[in-house]
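The values are calculated or read from the model by the stated rules, or taken from the named source; none is laboratory data. Computed from a predicted structure; not experimentally measured. No Cβ is skipped: glycine too gets one built from the backbone with ideal geometry, and neighbour counts run over all protein chains shown.
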Amino acid sequence: MPEHIYGIIMAGGGGTRFWPLSRRETPKQLLNLSGRELMVNEAVDRLTRVAAYEDIYIVTNCEQAEAMERATQGRIRAERILREPCARNTAACIGYAAMKIAHERGDGILVITPSDAYIRDEAAFGETLRVAVDAAQATGKLVTIGITPTFPATGYGYIRCEKAAGRVKPVAQFVEKPPRERAEEYLKSGDYVWNSGMFVWRASVILEKFRLLLPELYAGLEKIAAAFGTGEEERVLSETYPILPSVSVDYGILERSGDILVVPGEFGWSDVGSWDMLGTLHPCDDAGNVVVGNAVQVDTHNTVIYSSGRLIAAVDVSDLVIVETPDAVLVCPKSGAQDVKKVVERLRAEGREELL
């Protein structure tokens, strides 16, 4: 008999590399970067290929929770939006959601995705998730989704797959972000996939892994779970969550577990992590520019231009990111797009809270 399937969307990130559009209360996942829908709502709708709307949970932070409720109204019930008092990395996020679901709904298969990825082929994505769900049900193992690489990316972690027949492969090794030369070797070998940060497993199985491999974190989660449904829940959560160990589920569980399965998939995935990746969501013009909003470009090449209202005029420039919002303007080389988060760090250090 098929098990109940629950969706979990991790939506607590700050999206600082998309400043000045992304802010503390309206981070990247609450933005409409594609021109179709908010990124979190696109993530919710994709998950309905394997889970019902009423069985999808979102984990976000307290500062974003009210905006998240408004943004997902009509899709996600308010009580399915779990509020982290502070960010404690993906292990705590996933463990909290697993405890909540197991306590309130019982055991079942958890399908966990980030809130801010772009996926071009949603039908292929849904089919890949169904393969992973079947594998998690049949084997009782932890399953992760891998992305068949299309170029030698240096910004993604990799997973080396063991050679095996069928769609589901045993994981041989998790690999950190590689230098370019090694990434090219990975691509040529055909044995590696990108680590997507998407996971499928039974709630009871992942909680047992927490108990064995991250006992301090598990003990904290148990303390929080003991208060579920009582008048003490909010107080216990606010006191206990900030002192949970901060560790990623990849490092804390997957890399230490052994016997992990991966389902490679090809569905046009991108994490759209920074402004230079906006071309994933919007077509380039003949000069390689990605232009969104009110802009004029003359002799401009390979440049990302985003205007929220005012005209941006770009003349004889190349390889830049230019972003306008009502209270800030960002200009940087495309090669420096990952460093936009340093602007946020500087503004925070200077106490310029109105710009965060």
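Kindly indicate the residue of the range 299-308 that is assigned to a loop (DSSP other than H, G, I, E, B) and modelled with pLDDT of 95 or more and also farthest from residue 354 (Cα to Cα) among those meeting that condition.
My answer is 299.
Return yes when residue 247 is under 24 Å from the mean Cα position of the chain (by Cα), of a type in the set (Val, Ile, Thr) and outside any helix (DSSP H, G or I) and no when it is not.
Yes: the conditions hold for residue 247.
Run down 296, 290, 329 and say which single residue is in contact with a His (Cβ under 7 Å, 6 or more places away or on another chain) and either modelled with pLDDT of 95 or more or not aliphatic (A, V, I, L, M) (or both).
290
Name, by its number, the condition in (1) hydrophobic (A, V, I, L, M, F, W, C); (2) surrounded by 20 or more Cβ atoms within 10 Å (Cβ to Cβ); (3) touching a residue at least 40 places away in the same chain (Cβ under 8 Å); (4) in contact with a strand residue (DSSP E or B) (Cβ under 9 Å, 6 or more places away or on another chain) that does not hold for residue 21.
(2)
Checking the conditions here, which among 94, 101, 145 is touching a residue at least 40 places away in the same chain (Cβ under 8 Å) and in a strand (DSSP E or B)?
145
Just checking, does the range 115-133 include any residue being assigned to a strand (DSSP E or B) and under 25 Å from residue 215 (Cβ atoms)?
Checking the range 115-133: not a single residue is assigned to a strand (DSSP E or B) and under 25 Å from residue 215 (Cβ atoms).
Condition first: out of contact with any Leu (no Cβ under 8 Å at 6 or more places or on another chain) and among the hydrophobic types (A, V, I, L, M, F, W, C). Now tell me which residues in the range 276-317 satisfy that.
Scanning the range 276-317 gives 277, 284, 287, 291, 298, 305, 311, 312, 313, 315, 317.
Restricting attention to the range 274-285, which residues are out of contact with any Ser or Thr (no Cβ under 9 Å at 6 or more places or on another chain), surrounded by fewer than 20 Cβ atoms within 10 Å (Cβ to Cβ) and not in a helix (DSSP H, G or I)?
Result: 283, 284, 285.
Considering only the range 107-120, how many residues are at pLDDT 95 or above and either aliphatic (A, V, I, L, M) or more than 16 Å from the chain's Cα centre (by Cα) (or both)?
6
Give 258, 309, 293 a once-over and let me know the one that is surrounded by fewer than 16 Cβ atoms within 10 Å (Cβ to Cβ) and closer than 30 Å to residue 165 by Cα.
Just a single option satisfies the conditions, and that option is 258.
Among the residues of the range 253-273, write down those that are more than 19 Å from the chain's Cα centre (by Cα), in a helix (DSSP H, G or I) and either of a type in the set (A, V, I, L, M) or not assigned by TED's automatic domain parsing to the domain that holds residue 138 (or both).
Within the range 253-273, no residue meets the criteria.
Of the residues 296, 331, 321, 291, which single one is part of a strand (DSSP E or B), touching a Cys at 6+ places or on another chain (Cβ under 6 Å) and not charged (D, E, K, R)?
321
Of everything in the range 108-130 that's closer than 14 Å to residue 148 by Cβ and of a type in the set (Val, Ile, Thr), which residue is surrounded by the most Cβ atoms within 10 Å (Cβ to Cβ)?
The extreme case among them is 128.
Here are some residues: 70, 46, 80, 88. Which one is assigned by TED's automatic domain parsing to the domain that holds residue 116, of a type in the set (D, E, K, R) and within 17 Å of residue 241 (Cα to Cα)?
Just a single option satisfies the conditions, and that option is 88.
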